[in-house]
Amino acid sequence: MRLEFLTQDDPLYVLPFFDEFLRNYSSEFEIVRISCSPTMGKRSRLQLLRELTALYGPLGLARLLAMSVKARVFGKVPRPRGASRFYTLKQMCAAYGIPCERIGNPNAPKFVTSVQQMPPDLLISVACPYILKPPLLAVPLQGCINIHHAPLPRYKGMMPTFWQMLHGETRIGLTIHEMAAKVDAGAALLQDSLEIERGETLHHLIQRSKRHGAHCMATVLRQIETNSNCPKPLDPAESTYFTFPTIAEIREFQRRGFRAI
């Protein structure tokens, strides 16, 4: 089965998924391309800076920026396939011989045409920062799927890990689902959960859940290959939707003893 991934260029929170997936399943599945949009897509860089400062605090943001700069610097040095660590997705893809392309909006006609020229069996969204539109969704031979780190239809939208922690969940959910024109609305192919460890930071939980998600994705791909998957429609009556938290919600998160990093 020929796979194409859509994601964003994020060495901190997206790379763990691909690190886990490629180390364990690169010989099992054929990945024809991984296309990376800018981190958080078209979101204003100034707006993003303000939001991250509010969530992580000045010192936490400084730590994030230091980790990101380190990744960019060390990511320029080629590393072999068996390396103990990769710093960027581009560096990892080079080691595994997988084409990795930087793109803008995946709905752009130029990108859609490139997918049409060599249509994959399945298009997989992993934290892609854009809502995929019908012309692109219609191209893959077996459709498009997305991984969302929440128990859909609850916790649709942004920052699902934050919201589950704030609402006192003891486990973080995960849903892999078919993609439809409406956000997070396609039938569920797999739902799982991961226990939130005592004292765990948002930063650590996101990274850990991404690695867990890689194994869940492999399970779904095997089911699709063998035609043994059982899509489960999501009940819109149970739907909840969240955006980036407000300052008051971030303060409540902190008041309850949670830490972002």
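The values are calculated or read from the model by the stated rules, or taken from the named source; none is laboratory data. Here the structure is a predicted model, which is why all the values come from computation and not from measurement. Note that each Cβ is placed from the backbone with ideal geometry, even for glycine, and that neighbours are counted across all protein chains shown. Surface accessibility is based on the protein's heavy atoms, side chains included, excluding ligands, DNA and RNA. Shrake-Rupley method; radii C 1.70, N 1.55, O 1.52, S 1.80 Å.
Some notes on this structure:
- Other residues within the sphere of radius under 14 Å centred on the Cβ of Tyr87, judged by their own Cβ, net out at +3 (K and R +1, D and E -1).
- Taking all protein chains into account, the per residue accessible area for the chain stands at 49 Å² (1.4 Å probe).
- The phi-based Karplus calculation (6.51 cos²θ - 1.76 cosθ + 1.60; θ = phi - 60°) puts the 3J(HN,Hα) values of segment 188-204 at 6, 9, 7, 10, 8, 8, 9, 5, 7, 6, 4, x, 5, 7, 4, 4, 5 Hz, whole numbers, x for Gly and Pro.
- Largest to smallest in accessible area, the residues Ile147, Ile247 fall in the order Ile247, Ile147 (1.4 Å probe, all protein chains included).
- The Cα-based radius of gyration of segment 108-152, divided by its Kirkwood radius, gives an Rg/Rh of 0.99.
- Anisotropy class of segment 1-138 from Cα gyration tensor, a/c 1.5 cut: oblate
- Carbon plus sulfur fraction of accessible area for segment 102-261, probe 1.4 Å, in percent: 53
- Area accessible to solvent at Val69, 1.4 Å probe radius, in Å²: 90
- Protection proxy ranking for 16-22, 234-240, 138-144, using the average of other Cβ atoms within 10 Å per residue and placing the highest first: 16-22, 138-144, 234-240.
- Computed [θ] at 222 nm, helices only, for the chain once each DSSP H run of length n ≥ 4 contributes -39500 (n - 2.57): -12500 deg cm²/dmol
- Remark: the chain is approximated by an ellipsoid whose semi-axes, taken from the C-alpha gyration tensor as √(5λ), come to 27, 23, 18 Å, largest first.
- Order of exposure, largest accessible area first, which applies to Thr170, Thr88 with probe 1.4 Å: Thr170, Thr88
- Whole-number D in µm²/s for segment 191-261 (Stokes-Einstein; Kirkwood sum over Cα pairs; 20 °C, 1.002 mPa s): 140
- Scanning the chain for cysteines with no neighbouring cysteine C-beta under 4.7 angstrom from their C-beta gives Cys36, Cys128, Cys144, Cys216, Cys230.
- Phi to ³J(HN,Hα) by Karplus 6.51 cos²θ - 1.76 cosθ + 1.60 over segment 143-156, Hz, x for Gly, Pro: x, 10, 10, 9, 10, 10, 8, 6, x, 3, x, 7, 6, 5
- DSSP beta bridges in the chain [antiparallel fraction, %, rounded to 5]: 40
- q = 0.16, 0.19, 0.22 Å⁻¹, segment 1-47: log10 I(q)/I(0) [Debye, one scatterer per Cα]: -0.51, -0.67, -0.82
- For Lys110, the lysines whose Cα falls under 27 Å of its own Cα, not counting residues fewer than eight places away in the same chain, are Lys42, Lys90, Lys133, Lys182.
- Cα shape, segment 61-213, gyration tensor, a/c 1.5 rule: oblate
- Evaluated at q = 0.12, 0.14, 0.15, 0.16 Å⁻¹, the base-10 log of the normalised Debye intensity for segment 131-200, with identical point scatterers placed on the Cα atoms, takes the values -0.36, -0.46, -0.52, -0.57.
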